[in-house]
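Student: Take a look at the following structure, please.
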Amino acid sequence: MTAEATDPAQERLRRWRLVLGGDSADGTGCALSGRDAAMDGALTALYGRKDGTAPGGRERSAGLGASAPSVARWLGDIRTYFPSSVVQVMQRDAIDRLGLATLLLEPEMLEAVEADVHLVGTLLSLNKAMPETTKETARAVVRKVVEDLEKRLATRTRATLTGALDRSARISRPRHHDIDWNRTIAANLKHYLPEHRTIVPERLIGFGRATRSTKKEVILCIDQSGSMAASVVYASVFGAVLASMRTISTRLVVFDTAVVDLTDQLDDPVDVLFGTQLGGGTDINRALAYCQSQISRPAETVVVLISDLYEGGIRDEMLKRVSAMKASGVQFVTLLALSDEGAPAYDREHAAALAALGAPAFACTPDLFPEVMAAAIEKRPLPIPDAA
């Protein structure tokens, strides 16, 4: 807050002035100076006026220009004046509104941007057009985002799934501290003795302890069409985390109209990401056919399809494959997105058809994903958000 704007009423006018952009009809009568004027300049360079021009009749893009130096200066300005979360939004808007994606092919630009999941998605979409001189810088940007995501997600994911694996390995002669009392009581209710007001259990049910011989198999099947960019990033990180767990055998498959198995690269999610190719059509049926061919232990397998369900392949065959997998004992999970952005546009008819097969489709946040996987491993109902 500036010195001039300590009065609450004046502060409100100041904020409205920054929002409205200083047009003669904004009605605030508030003049900006110093830091506020610089903030206003950064906003005007990007958003300009509603008629497509910046104040003074300039074209909207004139404030940034088409050169890397001017954009780099603007990126420095917004990082000075706005918090990181706002900077990320403004960067995305600059790429979308002003067509600045190609400037990201220059190393100097990549060094100036605030790295986030959306920027990674943009870089992946530009991967094939990226000159060799830029790829090293791009990989460094992507690696920073991936490492930050791993720090945020890995520990909780491993802990949640380790617990789920332990509970899924039921044993019939458990030690006292391994007894699953809820299941034991439910299984022995017929042995209730009213005169003693107690149950004499004839059969104990216990939690097992997951060992190398009690593996689960997880197949992540990821739609790499352009709208799924953020989901591809998160799924690659989770794939690497799952692959690091000895009790889970993880396979990662990406698809558009072709299918690519990136399992061999799961030790480095950055390699996985640069092995994807965002954009193109979608053939879910072909991808599921490949996944189905990789299943050796259906009752111990979880298949996670991450897609907006716009199918360019054979719809009926896709549904038949899902039905067959579920009938064989596979736990089938359908995620419309794996990101913090909520559900994208998706094929509602296909989503309804999958729900009728017992595989409801819903958008999943990265924070919820470990719980979804734990429920699938334990063969419990999935924790589907109310808004799904």
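The values are calculated or read from the model by the stated rules, or taken from the named source; none is laboratory data. Small disclaimer: the values here were computed from a predicted structure and weren't measured. With ideal geometry, Cβ positions are generated from the backbone for all residues, glycine too; neighbour counts draw on all protein chains shown. Ligands, DNA and RNA are stripped out before the accessible areas are found, and what is left, the full protein with its side chains, is counted by its heavy atoms. Shrake-Rupley method; radii C 1.70, N 1.55, O 1.52, S 1.80 Å.
The rows are residues; the columns are (1) under 30 Å from G34 (Cα atoms); (2) of a type in the set (S, T, Y).
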| position | (1), (2) |
| --- | --- |
| Q91 | yes, no |
| H118 | no, no |
| T122 | no, yes |
| L126 | no, no |
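Student: So which residues in region 301-320 are open to solvent by 60 Å² or more (accessible area, probe 1.4 Å) and not β-branched (V, I, T), if there are any at all?
Tutor: Result: Y310, G312, R315, D316, E317, K320.
Student: Restricting attention to region 242-261, which residues are farther than 16 Å from E217 by Cβ and either open to solvent by 10 Å² or more (accessible area, probe 1.4 Å) or aliphatic (A, V, I, L, M) (or both)?
Tutor: V254, D256, T257, A258, V259, V260
Student: When you check G329 against the structure, is it open to solvent by 40 Å² or more (accessible area, probe 1.4 Å), farther than 23 Å from V146 by Cα and free of Cβ contacts under 8 Å to residues at least 60 places away in the same chain, yes or no?
Tutor: The answer is no for G329.
Student: Search region 95-107 for residues that are basic (K, R) and pair each with any residue that is part of a helix (DSSP H, G or I) and open to solvent by 50 Å² or more (accessible area, probe 1.4 Å) when their beta-carbon atoms are under 9 Å apart and the residues are at least 6 apart or on different chains.
Tutor: Final answer for the pair search is R97/Y47; R97/R60; R97/S61.
Student: Any idea how many residues of region 247-274 are modelled with pLDDT under 95, touching a Leu at 6+ places or on another chain (Cβ under 9 Å), of a type in the set (A, V, I, L, M) and more than 25 Å from T134 (Cα to Cα)?
Tutor: Adding up the residues that qualify gives 1.
Student: Counting only residues that are of a type outside the set (A, V, I, L, M, F, W, C), at pLDDT 95 or above and assigned to a loop (DSSP other than H, G, I, E, B), how many does region 323-357 have?
Tutor: 2
Student: Which of the residues belonging to region 358-374 are out of contact with any Ser or Thr (no Cβ under 7 Å at 6 or more places or on another chain) and part of a strand (DSSP E or B)?
Tutor: Selection gives F362, A363, C364.
Student: I've got another one for you. Tell me which of these P381 doesn't satisfy, since it passes every other one: (1) outside any loop (DSSP other than H, G, I, E, B); (2) free of Cβ contacts under 8 Å to residues at least 40 places away in the same chain; (3) open to solvent by 50 Å² or more (accessible area, probe 1.4 Å).
Tutor: Here P381 clears every test but (1).
Student: Looking only at region 105-140, filter to residues that are assigned to a helix (DSSP H, G or I) and under 20 Å from F82 (Cβ atoms); which one of those is most open to solvent (accessible area, probe 1.4 Å)?
Tutor: My answer is E111.
Student: Then there is this: Tally the residues that are over 16 Å from G239 (Cα atoms) and either open to solvent by 50 Å² or more (accessible area, probe 1.4 Å) or at pLDDT 85 or above (or both), restricting the search to region 143-163.
Tutor: The total comes to 1.
Student: For region 20-35, give me each residue that is of a type in the set (A, V, I, L, M, F, W, C) and either over 19 Å from L46 (Cα atoms) or at pLDDT 75 or above (or both).
Tutor: Once the filter is applied, which keeps residues that are of a type in the set (A, V, I, L, M, F, W, C) and either over 19 Å from L46 (Cα atoms) or at pLDDT 75 or above (or both), region 20-35 yields A25, C30, A31, L32.
Student: Checking L100 against (1) modelled with pLDDT of 80 or more; (2) over 23 Å from the mean Cα position of the chain (by Cα), which single condition isn't satisfied?
Tutor: Here L100 meets the rest and fails (1).
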